[in-house]
1. With just the Cα atoms of the chain, tell me how far they stretch along each of the three principal axes, in Å, largest first.
2. Just to be sure I understand: with springs between alpha-carbon atoms less than 10 Å apart, which residue in 46, 73, 59 has the highest mean-square fluctuation in the Gaussian network model of the chain?
3. Tell me the angle of helix 130-140 to the major Cα principal axis of the chain, expressed in degrees between 0 and 90 and rounded to the nearest ten.
4. What nm value, rounded to one decimal, do you get for the distance between residue 41 and residue 14 when each label is placed 7 Å out toward the C-beta?
5. Between helix 61-70 and the chain, what is the angle of the helix's C-alpha long axis to the longest principal axis, kept within 0 to 90° and rounded to the nearest 10?
6. Can you give the % of DSSP beta bridges in the range 6-97 that are antiparallel, to the nearest 5?
Amino acid sequence: MGELGTLLDAVTATFVFFQLDGKTAVRADASASVMLPCQWCEERVERELLVHCEALLAESEAQASEWAVESDELPVIAVVGKTFDAAALIEDELILAVPGRVCADSACPRRPSTSYGEVVPDTPGPLAGLRQLLDAKQHEK
């Protein structure tokens, strides 16, 4: 996970290969416990990442392009060579599953204050007199 976070334990993954309309497909599920930085204070917070993905497995880039046009159900992965890189698929999916906001806004005790002084409720907004002007203009006609 590198700079995104620290992996706490082994990644657990399961793969099921199946046929879909005569094409080879894969269903993958994975989970990983990671330490990610809080967006407010940068302290590391433990999070569980869970991913699920399904894809068609094409034998070439050309076949992948053709299948991608034909099928809008599943994404298509080109398997170049004789082996499918399952670890790369799971790594990509886990990286995409890293949340943009690790902590809920109210969960961080070191969150900076978002209050910048007392709000005066009686202060009129910038368009407060607009209705009165429009009504007065209508009465003039």
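1. Per principal axis, max minus min of the Cα coordinates gives 81, 48, 20 Å.
2. Most flexible of the set in this elastic network: 73.
3. 50
4. My value for the distance between the label points is 3.8 nm.
5. Long axis of 61-70 versus the principal axis of the chain: about 60 degrees.
6. 90
Just so you know, all these numbers are worked out from the coordinates, no wet-lab data involved. Just so we're clear, the structure is a prediction, and the values are computed from it rather than from any experiment. Quick reminder, even Gly has a Cβ in these numbers, built from the backbone with ideal geometry, and neighbours come from all protein chains shown.
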